[in-house]
Amino acid sequence: MDDRDRPGHKQPMPFLPIVHAPDYDADFAPDHRFPMGKYTRLMQLIRASHIGERAIVHVPAPASAEWLSLAHDRVYVDQVLACKVPASIEREIGFPVSERVSLRAQLATAGTVMAARLALAEGIACNTAGGSHHARRAQGAGFCTFNDVAVASALLLADGEVGRVLVIDLDVHQGDGTAEICVGVNAIRTVSMHSEKNYPVRKQTSSIDVALPDGVRDEAYLETLDWLLPRAIEGFTPDLVFYNAGVDPHESDRLGRLSLTDRGLKDRDRRVFAFFRERGIPIASVLGGGYSRDIDAIAGRHLLTFEAAAEFV
Ligand SMILES: [Zn+2]
């Protein structure tokens, strides 16, 4: 009998590994279309919440060009690292790639690699950034500079740390960049459930795509999720799951077209974490999208994911 199993033994409080860097926040103007301040605010909310004392925060160092080139063309990687991204690509990304933006993209990517390794060791880990799923092999797009999940998947597969990776992308937008980069890679299965009429106009083909009509509410969404999760692992046993927990399916999101409530989002996150934890499959969550002019509101929605994760440490 293990000491921990003895009657009366007090279980040590389990800790949630969280990956965060202050420079995830590239300090945009408060009225910018991309709510950059949410990264700083989210970490403040985590520290102030009940999970603050149960979190161990890990800080990543910027990803190297070698890592980034596993999922992106070297030409584009070098352009971002030198802050010399062509204006046409910057327009597609949605902001200029300054030194701060370049650094945050490198940090967020390394943060997802770190969260993946922590999940492999601890079972679960959360990055407070990442989920830049619109970045394609040749360039960034849709507020995404580097595709952190694609880079981390390619790196861990190349290093032999995992044999199979599953990407569950529940951001309201399709994970088009991830699908494009990972297409034809048998060791990676990409699953995206998104709003059919939302960005990107031209969708890519994930391993499994579920396109939802406008206005879907909690009950129908969660029912579809319960149908989807078993299918995501049908004939494919992953060594690691990346979970894009974008909160833009929320009814108040500026860019979403779905109608989930706070409770619906948290139930979604709980079901995803529970599903994989019950099967002993490590899961690393990445932040994904969430859009509001109210930074407190949007950070509060992202906090739900961390609260849900803390229930499954
Ligand atoms: Zn999104």
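Computed on protein heavy atoms with a 1.4 Å probe, the accessible areas place Ser292, Ser102 in the order Ser292, Ser102, largest first. Kirkwood analysis of the Cα pair distances in the chain returns a hydrodynamic radius of 19.2 Å. Mind grabbing the base-10 log of I(q)/I(0) for the range 145-192 at q = 0.14, 0.29 Å⁻¹? Debye formula, identical points on the C-alpha positions, no solvent, two decimal places. Here log10 of I(q) over I(0) equals -0.30, -1.19. Near the amide H of Asp169, within less than 5 Å, lie the amide hydrogens of Val191, Ser192, Met193, Asn244, all on another chain or at least 5 residues away, with H placed in the peptide plane.
Heavy-atom accessible area, probed at 1.4 angstrom with all protein chains present, ranks Ile56, Ile18 as Ile56, Ile18, highest first. For the set Cys83, Cys126, solvent exposure ranked by accessible area (probe 1.4 Å, protein chains only) runs largest to smallest as Cys83, Cys126.
Expressed as a whole percent, the accessible surface of the chain that belongs to carbon and sulfur atoms is 49, based on a 1.4 Å probe. In the context of the full set of protein chains, residues of the chain present 41 Å² of accessible surface per residue (probe radius 1.4 Å, heavy atoms only).
Do the sum for the chain: with -39,500 (n - 2.57) for every DSSP H run of n ≥ 4, divided by all residues, what is the mean residue ellipticity at 222 nm, to the nearest 500 deg cm²/dmol? Kindly include the intermediate steps, with their values, before the conclusion.
Numbers: 10 runs with 120 residues, N = 313.
The helix contribution divided over the chain gives -12000 deg cm²/dmol.
Of the trypsin sites (Lys or Arg not before Pro) found in the range 168-268, those in coil by DSSP whose Cβ has at most 16 other Cβ atoms within 10 Å are Lys197, Arg202, Arg254.
Sparse packing (at most 13 other Cβ atoms within 10 Å of the Cβ) combined with a DSSP loop state is found for the following trypsin sites (Lys or Arg not before Pro) in the range 74-141: Lys84.
Within the shell of other residues whose beta carbon sits under 13 angstrom from the beta carbon of Gly288, the net charge comes to -3, with Lys and Arg scored +1 and Asp and Glu -1.
The values are calculated or read from the model by the stated rules, or taken from the named source; none is laboratory data. Since we're looking at a predicted model, the values are computed, not measured. Virtual Cβ from ideal backbone geometry, glycine too; neighbours counted across all protein chains shown. Heavy atoms of the whole protein, side chains included, go into the accessibility calculation; ligands, DNA and RNA do not. Shrake-Rupley method; radii C 1.70, N 1.55, O 1.52, S 1.80 Å.
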